[in-house]
There are 2 protein chains.
Amino acid sequence: MIADKMRPLVENNSAIRAMFEEGKKMAAEYGAENVYDFSLGNPNVPAPESVKQAIIDIMNEEESTMVHGYMSNAGFDDVREGIAASINRRFGTHFHGGNLLMTVGAASGLNVILKTILDPGDEVIVFAPYFMEYGSYVRNYDGVLTVIPPNTENFQPGLLEFERSITKRTKAVIINTPNNPTGVVYSSETLRQIGAILERKENEYGTSILLISDEPYRELAYDGVQVPYVTLFYKNTVVCYSYSKSLSLPGERIGYLVIPDEVEDSKAVIAAAAISNRVLGCVNAPSLMQRVILRCVDEKVNLSAYNKNRELLYSSLKEYGYQCIKPEGAFYLFIKTPEDDKKFCEYCKKHRVLLVQGSAFACPGYARIAYCVSYEQIERSLPAFKRIAQEYGLKAVKEDLR
Amino acid sequence: MIADKMRPLVENNSAIRAMFEEGKKMAAEYGAENVYDFSLGNPNVPAPESVKQAIIDIMNEEESTMVHGYMSNAGFDDVREGIAASINRRFGTHFHGGNLLMTVGAASGLNVILKTILDPGDEVIVFAPYFMEYGSYVRNYDGVLTVIPPNTENFQPGLLEFERSITKRTKAVIINTPNNPTGVVYSSETLRQIGAILERKENEYGTSILLISDEPYRELAYDGVQVPYVTLFYKNTVVCYSYSKSLSLPGERIGYLVIPDEVEDSKAVIAAAAISNRVLGCVNAPSLMQRVILRCVDEKVNLSAYNKNRELLYSSLKEYGYQCIKPEGAFYLFIKTPEDDKKFCEYCKKHRVLLVQGSAFACPGYARIAYCVSYEQIERSLPAFKRIAQEYGLKAVKEDLR
């Protein structure tokens, strides 16, 4: 009954999701407190209290047929304007409500913009390590993925390889900063260079190349690190945002696309994106959550909880002899594995430590630790991490991986 | 910037949505009370009070990271089991939670199942008049739509034409009962015959053909009419359900697929559908709304409001000389137009009456009136309907269109 085209998707089902399902089974078998599941980016920090209050207030104050009803496929006008104003205040941009399209999370936003711009055979460039589902999203529209190998020096994108990989068929580039799985934040200098390379190539080929900035981790940055706003560096940029992490609402599927006026054919692109949103079956972003966002537009989850996790985990792992970069954003640590990453992750499972192999991000030799878990889980897991390090004979080294 | 493949979608944007947007503009210009907008199936009857209470209770009783968090791509286990039990109680079926997959409304459910089963060139049969977006959904996966012409006698599907149209490449058939736009409910006899024809053709060609029952209007039936449960008539049936109409939650995008054990390769199909749900970018159905459904699984909107609308509109239109079938379900009236349907709908706009032309459902010569509006709007609109009838010289006829 299943399509032939669907089979590779079934056979190569997400390693992250497979680990998540396995974690649930192990928790049922051994007790949740005895399984150290670091596999999925499912926030442990609760949504801000203001989200709960907004939901209750909306139910009591706003009319049912409006709160739960259809609106334009792009979303409620007041919500789009409210978000545009908030972005403008924070980043000095000049967006209006018409630049925004509310989406069913960032994953759906990516699908919407890819459907809008991709013809079969069009190429989309990503930088390893990257979220593997990008490949499925691109193939949904018969696009071809071009993967730039990882720059394991500092996990900023490899720009020489990037420039060489752009062809006449390059239609889009997806970046993700703060990055999943490395936690690295792309610097202003990196973004400036990416923009310059794209402009050069657009001129050389007479084409238009869309830079798609996937930003679910924008608000999760530590040590005062600023995450530059990508539209300020290159005109053909579309931002793909989600409240999954910034408000701990991953299950609610609420996010947006920003399609600035500066994007070529901007008006046509946003009109077409609204149609993509509809014909892909989303129709519109969930309505109550749109209304919640309007009331919580400048709210954030408690970042200090993630930061506390980051500090404990990073310092402990370094002490045990693991090699990794100290992440500046998101809630992931990306460690070098002492043997083949798949074997290493299998080995860790014996200690009931669940990680995701770097191969699942096109970066073998590493493993991702999602530290969006309770502080207690990290504390409880440390002896297991220590034992694994000892069993591999790891030795602490002072200098960072970088 | 836009894909060539996207252009026809932009050029043939939904007539329904275009009319909805035009209605909003006209309301701003003339005042909402002076525009009789019957274009969109956007329920005017509020969600049941129990939905509001469930939302508030969940916020107060359940934990934030669970309510708003990720779960398996198929949805929360307890929600799927609760819905399965409810269907079993009502229709004598034998589903379990594993047969259900929570979706971002029915439109997304259709996309999920079509992505799961369609290879390029596979054929999908629909019966005119049909919801035109089916065509876009099928083309998303490079399927080919086969349209069975309308049976304007009684708007039950034309079964002779149907049997003749099934080929070796037929992979699916979409039915929609209670029907948008006619309000007709497919009889048990119709479903029995559809099932028999499909079985015959499966045997003849050695193929598997999936019957997809799109059922957002299942709960909206009047005069005690029963809507037969389609899985009872043919084993390769998948049900695509939405709470958009039954609980007046169209903006929330919450629904489900039922993939019974009897479907060929059932286990593989449901596993693949969960992957489709993820890679299309929905990831999962909105989480809070899933939890709401569990608490409101047997609730329904106030149907008597729609019924009151139906009775007033039907009897008035008949009196003025319009020809139509009395709808048994959904919230649409499908009238015969006294001239070309597009011209007629343009003409009605002069009287600020907004309808959707039958051509938008592959059934020219008719127009759809969505009566999911306030009773007052219907009362206020009657003089306009009467004037239009007089201007066209319509005369009341006793017998129904049927």
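The values are calculated or read from the model by the stated rules, or taken from the named source; none is laboratory data. Keep in mind that what you see is a predicted model, and the values were worked out from it rather than measured. No Cβ is skipped: glycine too gets one built from the backbone with ideal geometry, and neighbour counts run over all protein chains shown.
Scanning the range A:139-179 for residues that are within 14 Å of another protein chain (Cβ to nearest Cβ), of a type in the set (V, I, T) and touching a helix residue (DSSP H, G or I) at 6+ places or on another chain (Cβ under 6 Å) yields a count of 1.
Which members of the range B:19-70 meet the condition of being of a type in the set (D, E, K, R) and under 24 Å from A:N60 (Cβ atoms)? Write out each step before concluding.
Restricting attention to the range B:19-70, the residues satisfying the condition of being of a type in the set (D, E, K, R) are B:21-22, B:24-25, B:29, B:33, B:37, B:49, B:52, B:57, B:61-63.
Correct list: B:E49, B:K52, B:D57, B:E61, B:E62, B:E63.
Condition test on B:A362, is it free of Cβ contacts under 8 Å to residues at least 60 places away in the same chain and within 22 Å of B:E328 (Cβ to Cβ)?
On the way: free of Cβ contacts under 8 Å to residues at least 60 places away in the same chain: no; within 22 Å of B:E328 (Cβ to Cβ): yes.
So B:A362 does not fit the description; no.
Only one of the numbered conditions (1) closer than 23 Å to B:P250 by Cβ; (2) free of Cβ contacts under 8 Å to residues at least 24 places away in the same chain is not met by B:N203, and that is (1). Inside the range A:1-56, residues that are within 21 Å of A:Y130 (Cα to Cα), crowded, with 20+ Cβ neighbours inside 10 Å, of a type in the set (A, V, I, L, M) and away from chain B (no Cβ under 11 Å) make up a count of 1.
Specify which of the listed residues (A:A367, A:A396) is under 25 Å from the mean Cα position of the chain (by Cα) and either modelled with pLDDT under 95 or under 27 Å from A:P250 (Cα atoms) (or both).
Values: A:A396 fails: under 25 Å from the mean Cα position of the chain (by Cα).
None of the others qualify; the one that does is A:A367.
Residues that are hydrophobic (A, V, I, L, M, F, W, C) and within 19 Å of B:N307 (Cβ to Cβ) were ranked within the range B:205-262; the one that is farthest from the other protein chains (Cβ to nearest Cβ) is B:V225.
When B:V67, B:V126, B:V112, B:V79 are screened for being assigned by TED's automatic domain parsing to the domain that holds B:I275 and within 30 Å of B:I325 (Cα to Cα), only B:V126 passes. Residue-level analysis places B:N140 among those that are polar (S, T, N, Q), within 21 Å of A:V112 (Cα to Cα) and assigned by TED's automatic domain parsing to the domain that holds B:I212.
How about the range A:32-59: which of its residues are part of a helix (DSSP H, G or I) and under 28 Å from the mean Cα position of the chain (by Cα)?
Pass one, the range A:32-59, residues part of a helix (DSSP H, G or I): A:32-34, A:49-59.
Passing the criteria: A:A32, A:E33, A:E49, A:S50, A:V51, A:K52, A:Q53, A:A54, A:I55.
In the range B:353-369, is there at least one residue being among the basic types (K, R) and assigned to a loop (DSSP other than H, G, I, E, B)? No - not one qualifying residue is present in the range B:353-369.
Scan the range A:370-393 for residues that are under 21 Å from the mean Cα position of the chain (by Cα) and assigned to a loop (DSSP other than H, G, I, E, B) and report the count.
Going through the range A:370-393, the residues under 21 Å from the mean Cα position of the chain (by Cα) turn out to be A:370-374.
So of that shortlist, the ones also assigned to a loop (DSSP other than H, G, I, E, B) come out as A:371-374.
Looking only at that region, the number is 4.
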